[in-house]
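A short worksheet on the structure shown next.
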Amino acid sequence: MDVISIGESMVLFTPETNGQMRYANQFTSRIAGAETNTLIGLAKLGHRVGWISQLGQDEFGASILSFVRGEGVDVTQVKKTTGAPTGIFFKEMINESDVQIYYYRQHSAASLMGPKDLNENYIKKSKYLYITGITPALSESCREMIFQSIKIAERNGVKIVLDPNIRRKLWSDDLAKKAIVSIAEKSNIVLPGIAEGEFLFDKRNEKEIAKSFHDLGAETVVVKLGENGAYYSTNEESGHVPALNIKRVVDPVGAGDGFATGFLSGILEQLPIQEAVARACAIGAIVATVNGDVEGLPDRAGLEKLMHTTNNEDVKR
């Protein structure tokens, strides 16, 4: 297995019209979750990936399991429970720059996960354990599960990748900072954004943010800069990579997961870090041109076409 991840995926409902959701009367449904977004992106590029989770024994759970499996993700470690429902959430798009997310995931099936749900033999066969800051926010038992998975990865030589992906609605700021910093101390690679650097370290400069994560022990830090691309820093080198110039943002949600897809695929293929970051920027950008979290993720042919697009061209999607 190349990459495995632990997290919750839910059914996403989006109004068919923009504006306040109170006026919507028709919705489309999709499957979305930060971890599965990235895993699906990697699977579409031909990488072997696996998902650890728990779903409700309900129709939403059946839909998610079928969808994620159909996208090429191994789901043998996904359990089902009759003790709690599958989570759902809603995306309200006022306009392209004002998107609100409303979660209905408290006491969901995934929030009941704990260390007992981990299979060490499954984790140790992977090259990378991909963690986001969302799963430890779901419940105390999920936090314990994440830290146990880190211990398993460490003793089996599995590298740990952290996307802080902070969701302040899910837990207190103090708990979030403590948990994310503790995970970062154990991570080999960290993929933060500027807002996350400000939240954790009260810093907005990408170089200072990268140094803060290096000081915690991270070997590689890639700071996402949105329309300004990304800044990467390792023990040997650092630099900026420009963003892909897209013509119009349609839906920014999921762009960070696309970024993680691009970077992880690049390092799995042993690309120089600058090329891996360029791939990350390109996939993150193209995801934002399509409505939905995974619908814009490219397959291998799409990636080759995308990477031949120069930064001086508009991507018309």
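The values are calculated or read from the model by the stated rules, or taken from the named source; none is laboratory data. Predicted model only: the values in this text are computed from it and were never measured. So basically every Cβ, Gly included, is an ideal-geometry build from the backbone, and we count neighbours across all protein chains shown.
Looking only at residues of region 148-166 that are among the aliphatic types (A, V, I, L, M) and within 24 Å of ARG105 (Cβ to Cβ), we find that the one that is surrounded by the fewest Cβ atoms within 10 Å (Cβ to Cβ) is ILE150.
In region 193-205, the qualifying residues are those that are over 18 Å from LYS169 (Cα atoms) and crowded, with 18+ Cβ neighbours inside 10 Å, and the one that is farthest from the chain's Cα centre (by Cα) is PHE201.
Of the residues examined, VAL78 is not one that is surrounded by fewer than 19 Cβ atoms within 10 Å (Cβ to Cβ) and not in a helix (DSSP H, G or I).
Residues that are surrounded by fewer than 22 Cβ atoms within 10 Å (Cβ to Cβ), out of contact with any strand residue (DSSP E or B) (no Cβ under 6 Å at 6 or more places or on another chain) and not basic (Lys, Arg) within region 167-192 comprise LEU170, TRP171, SER172, ASP173, ASP174, LEU175, ALA176, ALA179, VAL181, SER182, GLU185, listed in sequence order.
Of all residues in region 144-182 being of a type in the set (Val, Ile, Thr) and at pLDDT 95 or above, which is farthest from GLY256 (Cα to Cα)?
Applying the filter and picking the extreme gives ILE152.
Among the residues of region 204-239, those that are modelled with pLDDT under 95, of a type outside the set (Asp, Glu) and farther than 27 Å from GLU154 by Cβ comprise ARG204, LEU225, GLY226, ASN228, GLY229.
The numbered conditions (1) part of a loop (DSSP other than H, G, I, E, B); (2) at negative phi; (3) modelled with pLDDT of 95 or more are all true for GLY50 except (1). I want to confirm something. Restricting to region 126-147 and keeping residues that are among the charged types (D, E, K, R) and out of contact with any Pro (no Cβ under 6 Å at 6 or more places or on another chain), which single residue is surrounded by the most Cβ atoms within 10 Å (Cβ to Cβ)? Ranking the candidates gives LYS127 first.
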